[in-house]
Amino acid sequence: MTLLDRVATLIRANLNDLVERAENPEKLLRQLLLDMQNQYLQVKTQVAVAIAGQHQLEKKQRENAEAQQDWLRKAELAVGKNQEALARVALERSLTHESSAKNFEQQLGEQVNQVELLREALHRLESKMAETRAQVDVLIAQHRRARLAVRAGRTSGENFEQDTALERLRDKVADAEVSGQGHLMAATERSVEDQIAKLEKADRVDRMLAELKHRLANA
C-alpha cells in the first residue's frame, strides 16, 4: 500500500464504527491518532521532497530550453560565416536540448500534480487529525461511561443475587425457628400429658389402695 493509499484509509476511517468493533476502543483510538501523526510527518516530508524535485525539474527544463536557443544562435552565426557543416552540428545540438526540454516539461507537469496531491493529502490528514483529537476524548469518555454502566449493572445484579440469597437464608432461618417452636410446643405438650397421666395413675393407685384397705378392714 502506497503512502497516499494509507493516508486515504486513515482519512476515510469512521471513528464510531471503529470504536464499536474494537475490543479496546481507547487503545485503538490512541493508536489511530499515533498512526495519523506518523503518516502526517511522512506526507510532510514527501511534500518537501516533491517540491524540491519540482524545482529541480524546472531548472533542468529551463536550462535545456536556454541551451536550445543558444545552439540556434550558434547555428545562425555559422550560417552567417558560411560554415554550413558547423551550422548543422549546432542545429543537431539544439534539437537534442529541445527534446530534453520537452521531456523535462512533461515530467515537471507530472511532478506538479504529485505535489498538489501530496499537499491536498497533507491538508486533509491535518484536518482529520484535528477532528480525531477532538473526538478521541469524547469517545473515550463515552466508552468509560459505558463500561461503568456495565459494571454498575453487574454490581446491581450481583447485589440482587446476594439479596435474593440472603432472603432465602432468612426464610430458611424463619422456617427453622417455626419448626423449632413447633417441636418445642409438641415436646411441652407431651411433657404435660405425661405429667397428667402420672397424676391420673397415682390417683387411681390411691383409690385402689383405699378400696383395698377398706375391704380388708371390713373383712
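The values are calculated or read from the model by the stated rules, or taken from the named source; none is laboratory data. Treat the numbers as computed from the prediction; the structure is a model and nothing was measured. Note that each Cβ is placed from the backbone with ideal geometry, even for glycine, and that neighbours are counted across all protein chains shown. Calculation scope for accessible area: heavy atoms of the full protein, side chains included, ligands and nucleic acids excluded. Shrake-Rupley method; radii C 1.70, N 1.55, O 1.52, S 1.80 Å.
Inside segment 82-106, residues that are among the polar types (S, T, N, Q) and in contact (Cβ under 8 Å) with a residue 12 or more places away in the chain make up a count of 2.
Of the residues LEU10, LEU91, the single one that is aliphatic (A, V, I, L, M) and either in contact with a Phe, Trp or Tyr (Cβ under 6 Å, 6 or more places away or on another chain) or modelled with pLDDT under 90 (or both) is LEU10.
Of everything in segment 94-144 that is among the hydroxyl-bearing types (Ser, Thr, Tyr) and either open to solvent by 90 Å² or more (accessible area, probe 1.4 Å) or farther than 30 Å from GLN68 by Cβ (or both), the residue that is modelled with the highest pLDDT is SER127.
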